[in-house]
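Here's the structure, in structure tokens; my notes come after.
Read-outs throughout are calculated quantities, based only on the coordinates presented, and are distinct from any laboratory measurement. Remember, predicted model here, so these are calculated numbers, not experimental data. Virtual Cβ from ideal backbone geometry, glycine too; neighbours counted across all protein chains shown.
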């Protein structure tokens, strides 16, 4: 079981002080056996459980989150009518600190006076306390402050996450471009060797072969040895050029490892089957971008601890399987990220498919064969 976060510990401490003081003063006013006290303790328990569950990292549907937020808020309102202590409104402040994570900011602002109104109604009209409107007004500002602070934290976290994504993308792209640059230089040298040295050696072999027929004696033997050496050298040159071209792999997996090195909380299992190479820069970039988007989605939505990347060579070309062990809701839909992946893969003539369940999310990419 995961330990509580600092925020949850502080909220639990706040809940304990508010609940403990309310129970203490409630016993003094109504007695320990009064039904108001027992029902109040039950509602306080609901508030704590709802808060801890909605702020946990365990998978929870949107409907479940909204239900827990409603339980928290309704329980806090119920306490207003059970106990005449206006510091119980701190429970609504805790709710206000959580709700910006699940609702748009404009809805939070609109809800803030509505969640402050029950404090005024209950203490002003039911408990007949003077200046209840002032308490409600003050706690309304506390609620707004809690919402604004949470919004600032959300925006900061989003900015930091975007910066991390850009940094990972930049490092991976830099690694891929460095490899592509080196490989491009190798291919340029190979072409120059083939076009210049290869052609000259071929001409030399032809001339030596002609000279071999026009000479005799010791000179002919020398020409024959030169002819044999020239043919051997031409063969070595052709073999070297073929070796350079056949080893034109862009080392795509190196760029992937650089990307995941910046995400220590997610374990990578990268599997590249033997004799599988990514030789085309366009395909390498497409696969890299798809992995980047999958990584971003996993970090944002699934709370996965491991991701598998399996690259294989098929008769049709390259096949990449991306999967994680996170939780995928049953009603998931393609967003802009997945649509962008589909467009990228389609631009290079490939196909892509998605599937997800409670065991994780799987992306299957197939690219046509591309020769250098």
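Judged by the gyration tensor of its Cα atoms, with axes a ≥ b ≥ c, the range 41-130 is oblate; a/c meets the 1.5 cut and b/c is at least as large as a/b. Panel values: the chain, Kirkwood radius from alpha carbon pairs, Stokes-Einstein at 20 °C and 1.002 mPa s, translational diffusion coefficient 81 µm²/s. Between the helical axis of 217-246 and the dominant principal axis of the chain, each derived from Cα atoms, what acute angle in degrees is found, rounded to the nearest 10? Taking Cα atoms only, the helix is inclined about 10 degrees. From the square roots a ≥ b ≥ c of the eigenvalues of the alpha-carbon gyration tensor of the range 329-372, which class results: rounded (a/c under 1.5), prolate (a/b over b/c), or oblate? In terms of gyration-tensor shape, oblate. Counting every other Cβ atom within 10 Å of each residue's Cβ, 252, 95, 308, 120 order from fewest to most as 308, 120, 95, 252. Here the extension length gained between residue 358 and residue 343 equals 2.8 nm, from 0.36 nm per residue of separation less the Cα-Cα distance. Please work out whether the range 1-50 counts as rounded, prolate or oblate from its C-alpha gyration tensor, where a ≥ b ≥ c are the square roots of the eigenvalues and a/c under 1.5 means rounded, while otherwise a/b larger than b/c means prolate and anything else oblate? Prolate. The helix-based estimate of mean residue ellipticity at 222 nm for the chain, built from -39,500 (n - 2.57) per DSSP H run of four or more residues and divided by its residue count, is -22500 deg cm²/dmol to the nearest 500.
List the relative contact order of the chain as a percent without decimals, with contacts defined as Cα pairs under 8 Å and 6+ residues apart. Taking the mean separation of contacting Cα pairs over the length of the chain, I get 11 percent. Once the chain from residue 228 to residue 107 is taken as fully extended at 0.36 nm per residue, the excess over their C-alpha distance is 34.9 nm. Cα centroids of the range 312-361 and the range 1-79: 41 Å apart. In the chain, the longest principal axis of the Cα atoms and the axis of helix 281-297 are about 20 degrees apart. In the range 6-161, the alpha-carbon atoms span a convex hull of 109 Å³ per residue. Estimated from the Cβ-Cβ distance and a Förster radius of 22 angstrom, the FRET efficiency linking residue 21 and residue 126 is about 0.60. Computed from Cα atoms, the angle from the helix 252-261 axis to the main principal axis of the chain rounds to 30 degrees. As a rough footprinting exposure proxy, the listed residues 80, 24 were ranked by other beta carbons within 10 Å of their own, and the order from fewest upward is 24, 80. For the range 250-368, a Kirkwood hydrodynamic radius built from all Cα pairs, placed in the Stokes-Einstein relation at 20 °C and 1.002 mPa s, yields a translational diffusion coefficient of 149 µm²/s. If I take R0 = 25 Å and measure r between the Cβ atoms of residue 275 and residue 254 in this structure, what FRET efficiency does the formula 1/(1 + (r/R0)^6) give, to the nearest 0.05? Plugging the Cβ-Cβ distance into 1/(1 + (r/R0)^6) gives 0.90. Can you list the residues of the range 291-309 with backbone N under 18 Å from a point 7 Å past the Cα of residue 177, pointing along Cα to Cβ? Once the point is set 7 Å along Cα→Cβ of residue 177, 292 turn out to lie under 18 Å by backbone N, inside the range 291-309.
Considering all different alpha carbon pairs of the range 71-121, the Kirkwood hydrodynamic radius works out to 11.3 Å.
Annotation: the antiparallel percentage among DSSP beta bridges lying fully within the chain is about 80.
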